[in-house]
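The values are calculated or read from the model by the stated rules, or taken from the named source; none is laboratory data. All figures in this text were calculated on a predicted structure; none of them were measured in a lab. Cβ atoms come from the backbone with ideal geometry, glycine included; neighbour counts cover every protein chain shown. Surface areas here come from the heavy atoms of the whole protein model, side chains and all, with no ligands, DNA or RNA. Shrake-Rupley method; radii C 1.70, N 1.55, O 1.52, S 1.80 Å.
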Amino acid sequence: MTDNGRLQLAEMFEEAREQNRAVLLPYLTAGIPDVGTSIEIFAAMAAAGADGFEVGIPYTDPLMDGPVIMEAGEMAIRSGVTVDVALEVVTAIVTETGKPVLVMTYVNPVLRHGIDTFFAKVRAAGAAGVIIADLPADEATPFMAAAETSGLGFVLFAAPTTDDDRLAGVIDADPAFVYAIAEIGVTGERTDASSNVARLAERIRRLSDVPIVFGVGISTPDHVASAARHGDGIIVGSGIVRRVLEAGSPAGAASDVGAFVGELVTATKRG
Amino acid sequence: MRLDHPDDRGRFGDYGGAFAPETLMPALKELEEAFVAAWADDAFHAELDALLEHYVGRPTPVYHAGRLSEELGIDLYLKREDLAHTGAHKINNTVAQGLLTKRMGKNRVIAETGAGQHGVATATACALFGLDCVVYMGEKDIERQALNVYRMRLLGTEVIPVTTGTGTLKDAVSAALRDWVASVETTHYIIGSVVGPHPFPWMVREFQKVIGEELRSQLDGSPHAPTPDVIVAPVGGGSNAMGIFYSYAGDDGVRLVGVEAAGLGIATGKHGASLGEGSPGVLHGSMTYMLQDDHGQVLEAHSISAGLDYPGVGPEHAHFKDDGLVEYFSVTDDDAVAAFHRLSRTEGIIPALESAHGLAWIIANAEHLEGSVVVLNLSGRGDKDVQQVAALHD
């Protein structure tokens with residue numbers, strides 16, 4: 001395995017392309033429902049075939065998140081999940097599963113640490129990449145420079161509302177992958193598969209073959225199957241976090257989520 | 001230095017910018033373009049000016065508070081924003097943004113409110129322009145501002161309680177932004193202060209600067225209209241203060257004083273003094289001074305005044321603080337309540353608790369201000385606070 005996070009992510013996408021499937025990157029807030037159990041849940045998801053993970057560092061005012069991930073974030077903050085604790089969880093996941101981990105957070109905790117310090121710590125913890133939900137390409141330059149210095153992949157967003165000029169700016173900035181927002185709205189489970197994924201993927205593909213990962217509103221095997229036809233990867237968050245919050249016991253959480261992720265992984269195979 | 005407009009990244013010096021989810025970025029660009037076009041359009045100004053005169057009741061008077069001046073040994077003038085329609089300066093901004101909403105072809109408006117004054121002003125503009133309106137309000141604020149909740153409902157607005165986080169203004173802004181992420185194609189967010197991602201801080205300042213511009217012509221140095229030595233305004237998000245300060249900022253002859261909430265006392269940690277006690281960070285889409293812990297988590301603010309109970313402040317105030325254009329101080333709940341009573345008894349004017357913070361600073365510093373011409377921005381009337389103040393004495 002390479003020691004550069006961005007290359008690790010690239011290898012993950014390449015392997016899945018060769019196997020004619022999309023990667024599955026489940027999201028869970030670090031330390032939910034507690035630190036030990038959250039590591040067990042990540043291990044169960046790896047055993048079920050997840051390709052990598054998004055580990056959420058909680059923030060008090062998560063503008064991109066719906067009620068389920070907000071609740072998980074509030075719970076994590078109350079129980080003392082700081083950036084350092086979350087990065088301990090990252091290290092444990094990487095050690096235990098060997099899968100690439102992306103850290104997902106909001107811009108203020110990063111600024112409070114200092115951009116360079118934050119990225120160096122994230123890389124030292126063993127993560128492969130960073131996603132910052134409220135950081136548009138316009139403000140990303142110093143963050144992307146720090147990611148490059150630290151050997152981390154950095155992710156930028158494209159939304160169905162993103163116009164062609166902005167999309168070109170996102171591609172030009174050369175992110176490790178484009179997080180393609182499948183639904184106009186905050187994170188959360190939806191009933192219907194997104195009608196935006198085909199069009200958004202086509203618009204990105206016209207400009208670049210950068211990996212495309214769909215997220216927001218993807219919560220069932222059917223949604224995953226639909227998105228897998230158009231992108232290189234899929235992030236599922238609220239569907240997993242809700243199962244963890246609703247589980248009766250730690251062991252139950254790991255087995256419920258493992259079984260769910262197994263179904264999602266099956267749906268990532270094309271054709 | 002005072003800037004006419006922020007730079008092309010939406011910055012006032014180090015502060016401002018647009019830190020928002022990508023889904024919103026195109027709408028922020030669209031809003032900036034719509035605002036720039038409208039603000040350069042005589043027809044927009046003509047329509048807005050007519051509404052400000054005949055509907056809002058501008059210009060608002062400047063009143064010489066004679067009895068209180070005598071007691072304090074200063075020459076105290078009140079800029080009577082409390083006499084604007086709906087009882088606060090907030091209507092200046094909502095009427096203008098309502099017009100802009102129509103120009104952009106959107107038919108739904110969302111807003112946040114703390115004390116309820118911005119919510120009422122938004123509900124009013126939406127009734128006037130025939131727009132659907134939803135206002136997010138923290139559950140704690142809904143309790144302490146029941147009158148304004150009922151006013152909004154009377155005006156046809158849906159008030160949605162926000163139960164997340166601290167249940168106050170901060171969480172109402174977050175909830176409104178989350179709604180906007182989902183509804184951005186049909187909805188305009190009428191933000192209530194000089195906060196949020198670019199272009200909001202700039203645009204709201206432009207819509208509120210009429211307060212200071214009027215004051216300049218009202219206190220022009222002619223007989224019985226001396227030019228101000230000191231202008232004082234309360235600062236929560238900072239829209240009334242920016243409105244009255246802006247045209248004086250950088251004017252050497254005039255001292256500008258912003259007054260934040262010291263709540264139960266700065267030493268208790270229960271306050272809303274983002275400029276005085278906070279540090280730079282990103283809150284609600286812009287870089288500014290904010291109350292945060294060592295991990296970058298946003299801290300709960302405290303003030304008896306719901307409008308000052310906010311852990312951030314407009315980015316242009318952050319710039320003014322660093323540049324020394326405005327001095328910022330803070331006043332406790334108790335001193336604000338005492339000033340609330342004093343203005344009521346001496347002048348027959350019941351001020352909003354927000355405005356009472358400005359007056360409390362003047363009272364506390366009257367000795368140093370002796371003989372000065374002092375203007376207080378009386379940003380709102382206090383009817384909404386009467387029940388809360390009465391409860392203090394039960």
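Scanning the range B:10-53 for residues that are part of a loop (DSSP other than H, G, I, E, B), within 14 Å of chain A (Cβ to nearest Cβ) and either farther than 20 Å from residue B:314 by Cβ or touching a strand residue (DSSP E or B) at 6+ places or on another chain (Cβ under 8 Å) (or both) yields B:10, B:14, B:17, B:18, B:19, B:21. Pairs meeting the criteria (first residue in the range A:186-200 and on the phi > 0 side of the Ramachandran plot, second residue surrounded by 12 or more Cβ atoms within 10 Å (Cβ to Cβ), beta carbons under 6 Å, at least 6 apart or on different chains) are A:188/A:66; A:188/A:238. Can you tell me which residue in the range A:1-23 is surrounded by the most Cβ atoms within 10 Å (Cβ to Cβ), limited to those that are touching a Ser or Thr at 6+ places or on another chain (Cβ under 6 Å) and farther than 18 Å from residue A:127 by Cβ? For the range A:1-23, the residue satisfying everything is A:22. Of everything in the range A:166-193 that is of a type in the set (D, E, K, R) and touching a Lys or Arg at 6+ places or on another chain (Cβ under 9 Å), the residue that is farthest from residue A:227 (Cα to Cα) is A:166. Open to solvent by less than 20 Å² (accessible area, probe 1.4 Å) and not small (Gly, Ala, Ser): does that describe residue A:189? The answer is no for residue A:189. Highlighted here are the helices (runs of 4 or more DSSP H) found entirely within the range A:192-271 that include at least 3 residues which are closer than 15 Å to residue A:51 by Cα and not small (Gly, Ala, Ser): A:250-267. Residues of the range B:163-184 that are of a type in the set (Val, Ile, Thr) and facing chain A (nearest Cβ under 7 Å): B:164, B:181, B:184.
Checked against (1) closer than 29 Å to residue B:7 by Cα; (2) out of contact with any helix residue (DSSP H, G or I) (no Cβ under 6 Å at 6 or more places or on another chain); (3) touching a residue at least 12 places away in the same chain (Cβ under 8 Å), residue B:178 meets all criteria but (3).
Here is the figure for the range A:27-70: residues that are open to solvent by less than 10 Å² (accessible area, probe 1.4 Å) and small (Gly, Ala, Ser) total 7. Of everything in the range A:149-166 that is open to solvent by 40 Å² or more (accessible area, probe 1.4 Å) and in contact (Cβ under 8 Å) with a residue 24 or more places away in the chain, the residue that is farthest from the other protein chains (Cβ to nearest Cβ) is A:149.
Criterion first (touching a residue at least 12 places away in the same chain (Cβ under 8 Å) and either open to solvent by 10 Å² or more (accessible area, probe 1.4 Å) or under 30 Å from residue B:361 (Cβ atoms) (or both)) does residue B:99 satisfy it? Against the criterion (touching a residue at least 12 places away in the same chain (Cβ under 8 Å) and either open to solvent by 10 Å² or more (accessible area, probe 1.4 Å) or under 30 Å from residue B:361 (Cβ atoms) (or both)), residue B:99 does not qualify.
Across the range A:110-143, which residue is surrounded by the fewest Cβ atoms within 10 Å (Cβ to Cβ) among those that are within 12 Å of chain B (Cβ to nearest Cβ), over 15 Å from the mean Cα position of the chain (by Cα) and among the acidic types (Asp, Glu)? That would be A:139. Looking across the range A:45-62, the residues that are over 16 Å from the mean Cα position of the chain (by Cα) and within 14 Å of another protein chain (Cβ to nearest Cβ) come down to A:60, A:61.
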